[in-house]
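Please read the structure below before turning to the comments.
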Number of protein chains: 2
Amino acid sequence: MEIEKNDRINSLFEFYEPLLTDKQKSYIEQYYGDDYSLGEIAENFEVSRQAVYDNIKRTEKILEGYEAKLHLFNDFRKRNQVADDISNYVSQHYPSDSTLSRLIDQLETTESESD
Amino acid sequence: MEIEKNDRINSLFEFYEPLLTDKQKSYIEQYYGDDYSLGEIAENFEVSRQAVYDNIKRTEKILEGYEAKLHLFNDFRKRNQVADDISNYVSQHYPSDSTLSRLIDQLETTESESD
């Protein structure tokens, strides 16, 4: 019984963590963030390995459900792509315009503050 | 018994509508979007005026709760401000660079698709 650990869950967790319960957060953090095993998490929380597994699987579905409705992660990636394109174009064509560079930096700062 | 109708609820509704139930959506749409009165909505749905009022007040709290946790509307306004600053700067300093203008348009397109 293995859960495929992946970057996607970590990313979705960054966006939707505020909507999860404390227990859901803890399990996901330990499993996906800190790379604990199901057995170790079960021991930490004094519950069964099955209970941890069920909770994590349920939380993954909840995270994917939020993404299907709000698509924050997908929108974030799209905006980042456009911001990168602008940043690259400006550093190629107007490398000495520090005002424009500063404005574009603000775009990226605003983005990372939104996470 | 009056509810203060305002742009803020309409804005929050744009971001968090997918997280509401069908009934919550309908009441908010009719009250804030279509400017129906509580009495008219009550008649449309064959429920009491008080039931409509309570539902709308509850939904407003839910919307503000989501904003407190995810701050999508606030982040959107911040990003828009930065995008406007870049757009204004570029049209002042590089009015003939159509490639850069196109890239910046993409930024705004991506943003409005995110709503």
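The values are calculated or read from the model by the stated rules, or taken from the named source; none is laboratory data. Everything quoted here is computed from the prediction, not taken from an experiment. Reconstructed Cβ throughout: ideal geometry from the backbone, glycine too, with neighbour counts over all protein chains shown. When the accessible area is computed, the model is the full protein with side chains, heavy atoms only, and any ligands, DNA or RNA have been set aside. Shrake-Rupley method; radii C 1.70, N 1.55, O 1.52, S 1.80 Å.
Would you please name the residue that is nearest to A:GLU64 (Cα to Cα), looking only at residues in region B:17-29 that are within 14 Å of chain A (Cβ to nearest Cβ) and open to solvent by 40 Å² or more (accessible area, probe 1.4 Å)? Filtering region B:17-29 for residues that are within 14 Å of chain A (Cβ to nearest Cβ) and open to solvent by 40 Å² or more (accessible area, probe 1.4 Å), the one nearest to A:GLU64 (Cα to Cα) comes out as B:PRO18. For B:GLU111, the stated conditions hold: it is at pLDDT below 95 and out of contact with any helix residue (DSSP H, G or I) (no Cβ under 6 Å at 6 or more places or on another chain). Residues in region A:72-98 that are of a type outside the set (A, V, I, L, M, F, W, C) and within 7 Å of another protein chain (Cβ to nearest Cβ) were compared, and the one that is farthest from B:ARG102 (Cα to Cα) is A:ASP75. The numbered conditions (1) open to solvent by 80 Å² or more (accessible area, probe 1.4 Å); (2) touching an Asp or Glu at 6+ places or on another chain (Cβ under 7 Å); (3) farther than 30 Å from B:LEU107 by Cβ are all true for A:GLU14 except (3).
Have a look at A:GLY33, A:GLY39, A:GLY65 and point out the one that is without any contact (Cβ under 8 Å) to a residue 24 or more places away in the chain and in contact with a Lys or Arg (Cβ under 6 Å, 6 or more places away or on another chain).
A:GLY39 is the lone residue from the list that is without any contact (Cβ under 8 Å) to a residue 24 or more places away in the chain and in contact with a Lys or Arg (Cβ under 6 Å, 6 or more places away or on another chain).
Across region A:39-53, a minimum of one residue is classified as more than 14 Å from every other protein chain (Cβ to nearest Cβ), touching a Ser or Thr at 6+ places or on another chain (Cβ under 9 Å) and polar (S, T, N, Q).
Take B:THR59 and decide whether it is more than 10 Å from every other protein chain (Cβ to nearest Cβ), under 29 Å from A:LEU20 (Cα atoms), surrounded by 17 or more Cβ atoms within 10 Å (Cβ to Cβ) and among the polar types (S, T, N, Q). Judged against the criteria, B:THR59 is a match. Reported count of residues in region B:49-98, each being closer than 23 Å to B:ASP35 by Cβ and of a type in the set (Gly, Ala, Ser), is 1. Of the residues that sit in region A:30-45 and are within 20 Å of the chain's Cα centre (by Cα) and in a helix (DSSP H, G or I), which one is surrounded by the fewest Cβ atoms within 10 Å (Cβ to Cβ)? This residue is A:GLY33.
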